[in-house]
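Below: the structure, in C-alpha cells.
Only the coordinates and a few stated rules stand behind these numbers; no lab work does. Please read all numbers here as calculations on a predicted model, not as lab measurements. Reconstructed Cβ throughout: ideal geometry from the backbone, glycine too, with neighbour counts over all protein chains shown.
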Amino acid sequence: MSVDSLFTQPGLYGVTGALAIGIGVYGLIVRPHLVRKIIAVNMVGSGVFLLFGAVADRAAPGPGGDPVPHAMIITGIVVALSATALAATLTLRLSRETGRTALPPEPEDPAVQDKES
Amino acid sequence: MSEFLLGAAFFLLITVAGGLVRVVLGPDQADKMMAAQLLSSGGIAILLIVGVGLQLEGAIDVALVVALLAAFAAVAFVKGTSQAGTGDPEAVGVDQLTTLRQDAPQGRPDSP
Amino acid sequence: MTAFPLLDPALCFVILTTAVLAVAIRTVFAAVVSFIVFGLLMAIAWVRLGAVDVALTEAAIGAGLTGVLLLSTVARIAKHRADRGDDVPILEGPEPDPAPTDPLPGLATQSLAIVLSAAVAAALVAAVALLPVPAPGLVAEVGSRLSETGVESPVTAVLLAYRGYDTLLEIVVLLFALLGVWSLTADARWGGQPGLRHLARPDGVMAYLGRLLPPIGLLVGVYLFWIGGYRPGGAFQAGTVLAAVWLLAVMAGLVPIPKVSGIRLRLALVIGPAVFLAIGLAGYPLHGAFLGYPPAIAKVLIILIEAGLTISIATILGLLVAGAPEERPS
Amino acid sequence: MTAALDAITVVFVLAGCFFFLAGNVGLLRFPDTLTRLHALTKADNLGLGLVVIGLMPRMDHPLSALKLLLVWALGMLAAATVGQLIARSVLRRGLPIWKGPQ
C-alpha cells in the first residue's frame, strides 16, 4: 500500500488515533498519580476508537461510513465510561483509607525512594 | 460557500485553540476552567458551521448536546472549590465566609 | 474531495496537542481540563468523519460525564487530604498540585517509556498505511436487509437488531460496573445515598440552573431517543443526556439521590436488561430464535427495548458518576 | 435572492469569528481572573450568536433554524451561569483582584 493514503481524511485521523494511543501509553507508564493513569487509559481508548472510526470511514467515504464499527465504538465509549467510574471509585477508596493517590512503588525500583514509607 | 464555511471553522479552531495557552499558564484553576469553557462554546460554533458546511443535519444535534452540557463541568469545578467539596460558592453568608478566610489561618475548612 | 483541506490537519494537530497536554501538564487538575477539551475535539473529529452517532456519544460522555467524574474525583481526593490534616488547601489559590508527593519515575524509566510508546505508535501508523486498498466494510450487507429490522438508521439496526446480543451484554456490563462501584462502599456506609450530600443556596445561580436545564435536557433526551429509529440518536445518547441533567439537578441540591437500598432505584436499574432479555426470549415462539424479531412488529419491539435501555442507561451512568455512598445512612 | 442570503451568511459568520478572536485575546491578555471572565463570557457568547444568525438562512427547514436559536440560548445560559459561579468562587477564595494600573 502507499504512504500517501495517510494524507486522505481517514488516513489522517487514523494516524491521529495511533499517535493518541502512543501518548496514552507513555502517560500510563510515567505518571504515578492514579487519576492521571485513568486519563491516560481513556486516551488510549479514544485513540483506538478513532483508529477504528478511520477504518470505518474508508469503507464508505463521506457522511455515513460503515455502521458496524460505529455501533461498536458507541458501545465502547459507554463501557469505557463505566470502567473509568470503577477506577475512579477505587482511587477514591485508596485515597480515603491511606491518603495517598499513587500506588506504592515496587521495592526494588531504586529510582523512586518513597519518602512516606 | 462551503469552502468559506469550512475556512471559517478552521479560523475558529485556531483562535479557540489559543485558549489552551491559558490552560497551561492560568495561575488559578478558574482560569483553566474558563479556557475550557471558551473552547466548548468555540466547539459549538465549529460544530454548527461544519454541520451546515457539510449538509450534516446531525451535527446540529451534537452542538445541541454540547451546549446543553457546557455548564456541567464548570458546576462540578465550582462545587469542588467550595467548602467541604460539596457546597455552593454562593452559600448563604458567603461574604461573611470570605472575610473569615482572609484572617483565618490555613486551618481545616469547616463544612457549611 | 474536501472543500477546505486545511481543517482536518489543523483539527488533528490540536487534538494531539491537547493529548500531549493532558499527559505532560504539571498539575492533575490541568490534566483533567485538558482531557475535557480532548473529548470535545474528538466529538468534532467524529462529525468530520461523518459518524454523527459516535459524535453524539462522545460529546455527551467525553465532554460531559467523564469530565465531571474526574473533576469530582480530584475534588474528593483534595477533601480527603484536607480531612487527614495534610495541610493542602482545597483546590484554591495559586494552584498547588494536590498530590505533590507523587515523584516521577527515574530517567531510565522515562526514556524506556518514550521508546515503547513511540514503537507502539509507529507500528499502528504503519498498520494504517498498509490497510488494503478495496477497503473492507459491511455497508452493503447492513443495507441489504435493513427493511426487515424495522428501523431506517443503520447504526441503530446494527446495535439492536443485527448485533442485539452485544448490546444486551453491554447493558449487563454497565450493571456490573455499578455493582462494582457500590461494593467499594465502606461497610458503615452501606445502604446510604450514593455520592456526597450536595448542598446549594436555594435561590442561587446553581439552583436556578438545576431547575432550568433538566426540563430542556429531558426534552432533548426524548428527542434523541425517538429519532434513533431513522437518524443518528438512540438509547445510548438519550440515556447519557438524561443522566447528565439528572446529575445537574442532584448537584444543585434539588433532587436527593435515592438510597442504594431503594426498591424503585433498583427497578429502574434492572428494567433495561429485563425488557431486552424478555423480548429476546420471546423471539423463540415468535420468530424461532433468541432475539428474533418478526419483521412485522420489529419496529415496536425495538422501540420497547430502546425505552427500557434509555431508562437503565440514564440511571446507571448517573449513579456511576455520583459514586459510592459516602454518607452514613441516617 | 441566494446571493443576498450568502452575503448575510458571510458577513455574520465573519463577525462571529471576530468576536471569538476578541474573546480569546481577552482571555489571554487580561490581567486577572475576573477581567478574563468578563472577556470570555461576553465575547464568545456574542460570537456564537452571530455565527448562529449567519447560519440560519442556510438551513433548509425553518424548524432547524429554530433549533439553532435553541443552541444559542443554551450557550448563553451556560456562559452566564458559569460566569457568575466562577466569579463567586474566585471572590470567595480571596484571589488577588486587579485594582487598575498602579
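For C:20-27, what's the mean count of beta carbons from other chains sitting within 10 Å of each residue's beta carbon? It would help to have the intermediate numbers written out before the result.
On the way: counts 5, 4, 10, 12, 6, 5, 1, 4.
For peptide C:20-27, the averaged partner shielding equals 6.
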Quick calc: nm separation of the 7 Å Cα→Cβ label points for C:Ala126 and A:Phe7 -> 2.3
Connecting every pair of Cα atoms under 10 Å apart in chain C and solving the GNM, the largest mean-square fluctuation among C:Gly67, C:Gly137, C:Gly50 falls on C:Gly137
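Report the relative contact order of region D:1-99, percent, no decimals, based on alpha-carbon pairs under 8 angstrom and at least 6 residues apart.
Numbers: 90 pairs, mean separation 31.9, N = 99.
That works out to 32 percent.
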Filtered hits (lysines, Cα-Cα < 23 Å from C:Lys299, offset >= 8 within chain) -> none
When chain C is treated as a Gaussian network with springs between alpha carbons less than 10 Å apart, the largest mean-square fluctuation among C:Ala307, C:Ala51, C:Ala118 is found at C:Ala118
So C:Ala140 and C:Ala108, fully extended at 0.36 nm per residue minus their Cα-Cα distance, gain in nm 6.4 nm
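Using only atoms on other chains, find how many Cβ atoms lie within 10 Å of each Cβ of peptide C:296-309 and report the average. Each step should come with its number before you reach the end.
Values: counts 0, 0, 0, 0, 0, 0, 0, 0, 0, 0, 0, 0, 0, 0.
Taking the mean over all residues of the peptide, I get 0.
Do any of B:Lys79/D:Lys42; C:Lys79/D:Lys42; B:Lys32/D:Lys99 go past 25 Å between their Cα atoms, and which?
On the way: B:Lys79/D:Lys42 23 Å; C:Lys79/D:Lys42 33 Å; B:Lys32/D:Lys99 22 Å.
Those over the limit are C:Lys79/D:Lys42.
What does the average come to when, for each residue of peptide A:42-52, you count the partner chain Cβ atoms lying within 10 Å of its Cβ?
Per residue, the average neighbour count from other chains is 5.
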Distance in nm between C:Phe290 and C:Leu184 label points, each 7 Å along Cα→Cβ, equals 3.1
